[in-house]
Amino acid sequence: MNEDAPDRLREDLAFCGLIAADVSHELRNVLSVIGEYAGLLDDLIGLAEQGKPADYAKLRKLSANIARQVKRGTETMERFSRFAHAADGQTSGFDLAALVENLAALLQGRVSLAGCRLEAELPAQSLPVRGDPFALQHLVFLSIQWVLDSLEKGESVRVKLLPQGPAAVICVSGPAAGGGADRVRQQVAAAAGGCQGTIETAWANGILSLTITLPIH
Amino acid sequence: MERLRILLVDDEADLVSALAERLALRGFQVQTATSAPAAQQLLREGEFDVLILDVKMPGTGGLKLLAEIKQKRPDLPAILFTGHGSVADAERGMQEGAFDYLVKPVQVDDLVETIYRAAGRKMELER
């Protein structure tokens, strides 16, 4: 038995827990907003019952606002569902562009809370790759978190995904005060598990970067 | 009787506008901010009786903003909004001088009751 397996499992669980906490934070905000709009509608209906003329344009706007929040919550749940199903164990092949886009969207709130921005540059076409999609999600998350940890408020972490010949390349980068590349190299190598690719970490000219290269199938 | 002046700070713009209107319908005078710098600006420009503050906000979080405000306005009572996952943060906020905290989604009647208690405490301290 692999002695690292319990640690790896714990790190995978911690990663899932962290994303679940972010999603729950977002859904709580959505529900809070819906609750306030519903409460405001109730207040206005109460006033109308007391004889104040109803402002139908306002009521319609409030109704549209509730629908917009429901759409926001639904999108978050769908993204979380896609994230969770990456752990189903199927390793036949998946679209790397869709996976990175989904993860980047789920991490927007976390990056924003840190006072930073997440800028994702993704290809329009799909990039089919083989391997373990969950391990790859974890790897990209660690890369983003690594860069985020070294950012100042107002700075950006950039995620770029592009086809390069027969391979797909993910580059995560951002300005940084220092190195730490060796520690991250060990962390991401441990998380890489089922990813059939190469990983390079670098710190040069004040820019931290992590590049993952995977063969396209 | 003068209306109580509330400063409501939360990065959720939709929540802020709906809740501000509900509080106004209940007789409060409400100003809103969706970021820490905007809240600081309003505090420089005007007087408030109660501050309502979300714990988790982008950039300068609610707790840091609370600490900054408490340095300049120790008498201004602050009510914190928090989620289940950040109750520990809210309790830390209580140690740093917050009056009370409420877990989102907040019931408006609970909020109104807490506002009156907070304003009552402020008036007691001013006497």
Can you find a residue that is assigned to a helix (DSSP H, G or I), over 20 Å from A:VAL33 (Cα atoms) and within 14 Å of chain A (Cβ to nearest Cβ) anywhere in the range B:26-34?
no
Six or more apart or on different chains, Cβ atoms under 7 Å: show the pairs whose first residue is in the range B:51-62 and more than 9 Å from chain A (Cβ to nearest Cβ) and free of Cβ contacts under 8 Å to residues at least 60 places away in the same chain and whose second is in a loop (DSSP other than H, G, I, E, B) and among the aliphatic types (A, V, I, L, M).
B:LEU51/B:LEU76; B:GLY62/B:VAL55
Limited to the range B:94-120, what total is found for residues that are touching a Pro at 6+ places or on another chain (Cβ under 6 Å) and assigned to a helix (DSSP H, G or I)?
1
Could you say whether any residue in the range A:120-129 is under 14 Å from the mean Cα position of the chain (by Cα), buried (at least 20 other Cβ atoms within 10 Å of the Cβ) and not assigned by TED's automatic domain parsing to the domain that holds A:CYS16?
no
From (1) closer than 30 Å to B:ARG26 by Cβ; (2) in contact with a helix residue (DSSP H, G or I) (Cβ under 8 Å, 6 or more places away or on another chain); (3) not charged (D, E, K, R), pick out the condition that doesn't hold for A:ALA64.
(2)
Within 13 Å of another protein chain (Cβ to nearest Cβ), surrounded by fewer than 11 Cβ atoms within 10 Å (Cβ to Cβ) and either free of Cβ contacts under 8 Å to residues at least 40 places away in the same chain or out of contact with any strand residue (DSSP E or B) (no Cβ under 9 Å at 6 or more places or on another chain) (or both): is that true of A:LYS52 in this structure?
yes
For the range B:74-96: of the residues being touching a Leu at 6+ places or on another chain (Cβ under 7 Å) and surrounded by fewer than 19 Cβ atoms within 10 Å (Cβ to Cβ), which is modelled with the highest pLDDT?
B:ASP75
Looking only at the range B:40-47, decide whether some residue is within 18 Å of B:ARG117 (Cα to Cα), surrounded by 14 or more Cβ atoms within 10 Å (Cβ to Cβ) and more than 14 Å from chain A (Cβ to nearest Cβ).
no
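The values are calculated or read from the model by the stated rules, or taken from the named source; none is laboratory data. Remember, it's a predicted structure, so these values are computed and weren't measured experimentally. Positions of Cβ are backbone-derived with ideal geometry, glycine not excepted, and every protein chain shown enters the neighbour counts.
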